1. Looking at this structure, is B:S338 modelled with pLDDT under 95, out of contact with any strand residue (DSSP E or B) (no Cβ under 6 Å at 6 or more places or on another chain) and either farther than 13 Å from B:I396 by Cβ or within 10 Å of chain A (Cβ to nearest Cβ) (or both)?
2. Pull out all pairs, ordered by first then second residue, where Cβ-Cβ is under 7 Å, the residues are six or more apart or on different chains, the first lies in the stretch A:82-101 and is at pLDDT 95 or above, and the second is among the aromatic types (F, W, Y).
3. Kindly indicate whether B:G422 is free of Cβ contacts under 8 Å to residues at least 24 places away in the same chain, over 28 Å from B:A242 (Cα atoms) and within 11 Å of chain A (Cβ to nearest Cβ).
4. Can you name the residue in the stretch A:112-126 that is assigned to a helix (DSSP H, G or I) and crowded, with 16+ Cβ neighbours inside 10 Å and is also nearest to the chain's Cα centre (by Cα) among such residues?
5. Consider the stretch A:46-71. How many of its residues are crowded, with 22+ Cβ neighbours inside 10 Å, within 14 Å of chain B (Cβ to nearest Cβ) and either assigned to a strand (DSSP E or B) or at pLDDT below 95 (or both)?
6. Is it true that B:I320 is more than 26 Å from B:R415 (Cβ to Cβ), facing chain A (nearest Cβ under 10 Å) and among the β-branched types (V, I, T)?
7. Can you work out which of the residues in the stretch B:57-88 that are over 20 Å from the mean Cα position of the chain (by Cα) and in a strand (DSSP E or B) is surrounded by the fewest Cβ atoms within 10 Å (Cβ to Cβ)?
8. Which of the residues that make up the stretch B:349-390 are polar (S, T, N, Q) and either part of a helix (DSSP H, G or I) or not assigned by TED's automatic domain parsing to the domain that holds B:C335 (or both)?
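The values are calculated or read from the model by the stated rules, or taken from the named source; none is laboratory data. What you see is a predicted model, and the numbers here were worked out from it, not measured in a lab. Here the Cβ positions follow ideal geometry from the backbone for every residue, glycine too, while neighbour counts run over all protein chains shown.
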Amino acid sequence: MEGRDRRYGRLTIKEEVLEFEVFSGGKVSIDLSKCEECHSKACVQICSLPTMGRVLELKDGKPSLKKDLKEIKKGGCTECLGCELECELKGKKAVQIILPTPELDEYLNELKNKGIKPVYVMAWRK
Amino acid sequence: MARLYEHQGKELLSKMGILVPKGRLAASPKEAKGVAEKLGRSVALKVQVLSGGRGKAGGIRFAMTPQETEKRAEELLETEIRGIPVQKILVEEKLPIKNELYLAITADPSLRRPVIIFCKDGGIDIEEVARTSPNRIVRKQVNILRGLREYEARDFIRKMESISSEDIIPLGSIMKNLYDLYRKYDCKLVEVNPLVVTEEGRFVAADARIDIDDDAIFRHPELGLFSTEETGERPPTKIEIAAGKIDEGDYRGTAHIIQLDPDGSYARETNKISIAFDCVGTGTSLTTLDELVDLGYFPMNFADTSGNPTASKLYRATKIILSQPGIEGYLFVSCVSSQQLDNTARGIIKALKELYPDSGGKPNIPAVFTFRGGWDEEAIKLFEEHGISDSPWVKILGRNAAERDSALEFDALYRKWKEETGGMED
């Protein structure tokens, strides 16, 4: 299923990948092929908590969308990042959230061209 | 507040039908000479910086010939005005000045409406006039719903002493056009100082200061401005531009980030240590900052990620803050509030894991995280679960820690880190 709602976001289930866009400009991607072996379903658990977005639900043993794409894209997904981090800890590392920062990337490229390294890629003296 | 350069402001004035001196922007002495040749007369050279008091700082020169223009431009392009290097100069015709006036429109928060400010003494420091001879400044409130009619502007001018009758119509028209500009571009301030009356009797805007309301920047893409925090008299840095994008159109909490010492030069000059910094709440930010400075640190940035921002905001903010070159530590302190700190922690953890993939998110610089407030225990638990707390260079504090404790813990951790690792490579 592709291009379900072009205006408010896009849902893609291709080769068992569930993808949806979020309000701040980014994408949540869940590799459903890994979910069958997952016993924790940690992504759905955390998303279902009262303080979270309640976007995901369990359907046929796999995460599925509880809200429509329009609602999710408008902020229905509260971008808590819980699904990704919980899946990493308790699940099968099936969730990936990409949140672009193009202006920062541009800045880092400039630094690179000037031969300046950000501290996180540097080594210690000793 | 987004301030326009003088040449940008004059472009808007010209679009609104207000006369400005003929001229062009130059980035090199040769270009400046070319402009002077085209104008074929004496010129004024004005550095394009956002700081006030430019004239007093030597940022305005005059030249009689194109050769002299080239020389003056060379001098100006080598200078700094209040620490900001001059990159561009506005070269424009030197006006034959008969008289100078002051005209501005701004919002008066106490009246909650626009106010026109007019003074017959233009070209000088208006704050000084307000202090020494306040009765020389006249004001007119404008009903924002009705707007300013040209006859109302003329009526306002007519009541002033020593304005000749032939000046009433052109001045009224300028006032009306300036007000229309103020509204059209969602300005906080439009100021023409001086509004020159030439020997031929023309009214020409010899300078322009235009400040646009930050919250309205998105309505004016044509101005090419960035939604950044208030950077005062310097243009925003790339870090601030990247940070400004976090809140653009997303009102779920805030991420206010501004660089206090963008190149670390202040820290070097004062023998302080540059660090990255983020707090929840401005009060906590300022208090922690004071404590850090006393201990010999100088945060390269100020940050306040509060109002219950999304974890994705914290993720982006943390990545931006930690991308500042030359930092030797990171301190995060939350105030005691209802902010959902588990989300805050998730944003920070995702950023750390991405920046430090080999160590699973454990930073290579000393980092102290103080979580106090809503969901603080969950936030601390998340750092433990993800293994970041295990790092010898990470210290997690809870609700019993005050701002001073956070700064002291950071200091102790920094000293140990420096001793054991020797600090970062050059």
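1. So B:S338 fits the description; yes.
2. Cβ pairs passing all conditions: A:L99/B:Y315.
3. So B:G422 fits the description; yes.
4. Ranking the candidates gives A:Y120 first.
5. 1
6. Judged against the criteria, B:I320 is a match.
7. Only one residue tops the list, namely B:F62.
8. Across the stretch B:349-390, the qualifying residues are B:S359, B:S389.
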